[in-house]
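Taken together, the values in this text are just the output of simple stated rules run on the coordinates, not laboratory data. In this text, all values refer to a predicted model and were calculated from it rather than measured experimentally. Cβ placement follows ideal geometry from the backbone for every residue including glycine, while neighbour counts extend to all protein chains displayed.
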Amino acid sequence: SERLFGGFRKTSERLGENLSGIVSKTRLDDAQLDDIEDALILSDLGPRAAARIRARLAEERFERGADEQAIKQAVADEIARILRPVAKPLEVTAFPRPQVILVIGVNGSGKTTTIAKLGHLFQEQDYAVMFAAGDTFRAAAIGQLGVWADRLGVPIVKGPEGGDPASIVFDAVKLATDKGTDALIVDTAGRLHNRRELMDELAKIRRVLGRLNPDAPHDVVLVLDATNGQNALQQIEIFKEVAGVTGLVMTKLDGTARGGILVAAAEQYGLPIHAIGVGERIDDLRPFDPDLVARVIA
Ligand code: GDP
C-alpha cells in the first residue's frame with residue numbers, strides 16, 4: 001500500500017503541475033489580439049492571413065505577462081503553418097525530357113535574373129539546361145538573357161526583336177529534344193498593359209508546345225517583385241487568368257520589409273512557392289524555407 005500511495009502521490013503532483021499551469025496561463029485579450037492583427041496587416045500579410053492568425057492566437061494560452069518573444073514565437077508558428085504547404089522546390093522530373101518551364105511576370109519583376117539563377121541551380125544539380133528568348137518584344141530582354149547564357153555556358157535559342165515567340169519556342173523544344181536537354185527555360189514578354197495581346201501570345205506558345213509534347217509547358221512560373229506589396233497579389237490574379245500559373249518565385253526579398261506578402265499569397269492562392277530571390281547575384285536564389293521565412297517575418 002506504501003507503493004500504491006507513492007504512485008498516487010506522483011499522480012497528484014502531476015495534476016497539481018497541470019492545474020498550476022492553467023491558473024498561471026492566460027489568453028490574450030481583445031486589445032492585444034487587435035494590435036497583433038493590425039501589425040500583421042501592416043506587414044503585408046493581408047486581411048485573411050491576419051484574421052486566421054488572430055483566431056488561432058485567441059485559442060492559445062500564454063504565461064501570464066507573456067513577453068514579446070513568446071508572442072512573436074506563436075505568430076511565427078502560425079505563419080509557418082500557412083507557408084509549409086506551399087513550399088515546393090522546382091524539380092526536374094519530366095519524362096520525356098526536356099522539362100519546359102515557362103517563366104512569366106511583368107517587366108522589371110526580376111524574370112530574366114530568375115531564369116539565369118534557375119539555370120545555374122539546375123546546372124549545379126548536373127542538369128543540362130537551355131534558354132529560349134521568348135520575350136521578343138524588348139531587344140534588351142533578348143540581349144540580357146544572352147549575356148547570362150554566355151556567362152553560364154547555357155545554349156540559348158533566340159530570334160530577332162519582334163519575332164514570333166511561339167516559333168522560337170518551337171525551335172527550342174526541338175533542339176532541346178535533340179540535344180537531350182533536361183530543362184528548357186523560356187522567357188516570355190511581360191506586357192501587362194496589353195493583356196489581350198499577351199494572352200494571345202502565351203496561348204499560342206502553349207498551343208505550339210502542346211503539339212510537341214502534351215505535357216508541356218510542365219511549369220508556368222510567375223516571378224513577382226516583393227517590393228510591389230499588394231500589387232504583386234493582383235499580378236497573381238491576372239496571370240492566373242492569362243497564363244495558368246503553376247508556381248511562384250518571389251524576388252527582391254533582400255531589399256524590402258514586405259516579406260509578409262509571401263504569407264498573403266500563400267493564404268489567398270495556395271500556389272507552390274518554388275524559391276525566393278534575395279539579391280542580384282547568380283546564387284542569390286534561395287529555396288523557400290517556410291520556418292526560416294516565418295521567423296524573419298515575425
Ligand atoms: P525582368 O525585366 O523581369 O527580366 O527583370 P530583371 O531580371 O532584368 O531584373 C530587374 C532588376 O531587378 C535588375 O536590376 C536585377 O538585378 C534586379 N533583381 C532581380 N532579382 C533580384 C533580387 O532578388 N534582389 C534584388 N535586390 N534585385 C533583383
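With springs connecting C-alpha atoms under 10 Å apart, model the chain as a Gaussian network and identify which of 67, 77, 135 has the largest mean-square fluctuation.
Checking each option, the largest mean-square fluctuation is seen for 67.
How high is the relative contact order of the chain? Use alpha-carbon pairs under 8 Å, at least six apart in sequence, and give a whole percent. Present the calculation step by step, with values, prior to reporting the outcome.
Numbers: 511 pairs, mean separation 71.7, N = 298.
Reported relative contact order: 24 percent.
Sort region 205-290 into rounded, prolate or oblate with this rule: let a ≥ b ≥ c be the square roots of the eigenvalues of the Cα gyration tensor; rounded if a/c is under 1.5, and if a/c is not under 1.5, prolate when a/b is larger than b/c, oblate otherwise.
Verdict is prolate for region 205-290.
Just report the Cα centroid separation between region 196-265 and region 68-130, whole Å.
Computed from Cα coordinates, the inter-centre distance equals 12 Å.
Sort the following peptides by mean Cβ neighbour count (other Cβ atoms within 10 Å, averaged over residues), highest first: 176-182, 242-248.
Details: 176-182: 16.3, 242-248: 20.3.
Result, highest mean Cβ count within 10 Å first: 242-248, 176-182.
Arrange the following residues from fewest to most other Cβ atoms within 10 Å of their Cβ: 274, 193, 120. All intermediate terms of the calculation are to be shown ahead of the outcome.
On the way: 274 26, 193 9, 120 20.
Fewest-to-most ranking of 274, 193, 120: 193, 120, 274.
Suppose R0 equals 30 Å; then what is the FRET efficiency for residue 15 and residue 42 from their Cβ-Cβ distance, rounded to the nearest 0.05? Display every interim value, and only then the final one.
Values: r = 43 Å, r/R0 = 1.44.
Step by step, r from the Cβ atoms, then E = 0.10.
Assuming R0 = 25 Å, what is the FRET efficiency of residue 84 and residue 31, from their Cβ-Cβ distance, to the nearest 0.05? Display every interim value, and only then the final one.
Values: r = 30 Å, r/R0 = 1.20.
It comes to 0.25.
When the chain is treated as a GNM, springs tying every alpha-carbon pair under 10 Å, which of 34, 225, 284 comes out with the largest mean-square fluctuation?
Maximum fluctuation in the GNM of the chain, among the listed residues, is at 34.
Within 10 Å, count the other beta carbons around each residue, average over each peptide in 143-150, 42-49, and list them highest first.
Details: 143-150: 16.8, 42-49: 19.8.
In decreasing order of mean packing, 143-150, 42-49 become 42-49, 143-150.
Just to be sure I understand the model, the point goes 7 Å from the Cα along the line to the Cβ. What's the resulting residue 234 to residue 95 distance in nm?
4.5
Helix 139-152: angle to the longest alpha-carbon principal axis of the chain, degrees 0 to 90, nearest 10?
70
Which angle between 0 and 90 degrees, to the nearest 10, do you get for helix 230-243 versus the longest principal axis of the chain when only C-alpha atoms count?
50
Count the net charge of all other residues whose Cβ sits under 13 Å from the Cβ of residue 30, scoring Lys and Arg as +1 and Asp and Glu as -1. All intermediate terms of the calculation are to be shown ahead of the outcome.
Working: positive: 27, 54; negative: 29, 34, 35, 37, 38.
Around residue 30, the charge tally is -3.
Using Cβ contacts closer than 10 Å as the measure, can you line up 250, 199, 130 from fewest to most? Kindly include the intermediate steps, with their values, before the conclusion.
Details: 250 29, 199 14, 130 23.
If I rank by nearby Cβ atoms, fewest first, I get 199, 130, 250.
Which value in deg cm²/dmol, rounded to the nearest 500, describes the helix-derived mean residue ellipticity at 222 nm for the chain, given -39,500 (n - 2.57) per DSSP H run of n ≥ 4 and division by the residue count?
Theoretical 222 nm ellipticity from helices: -17500 deg cm²/dmol.
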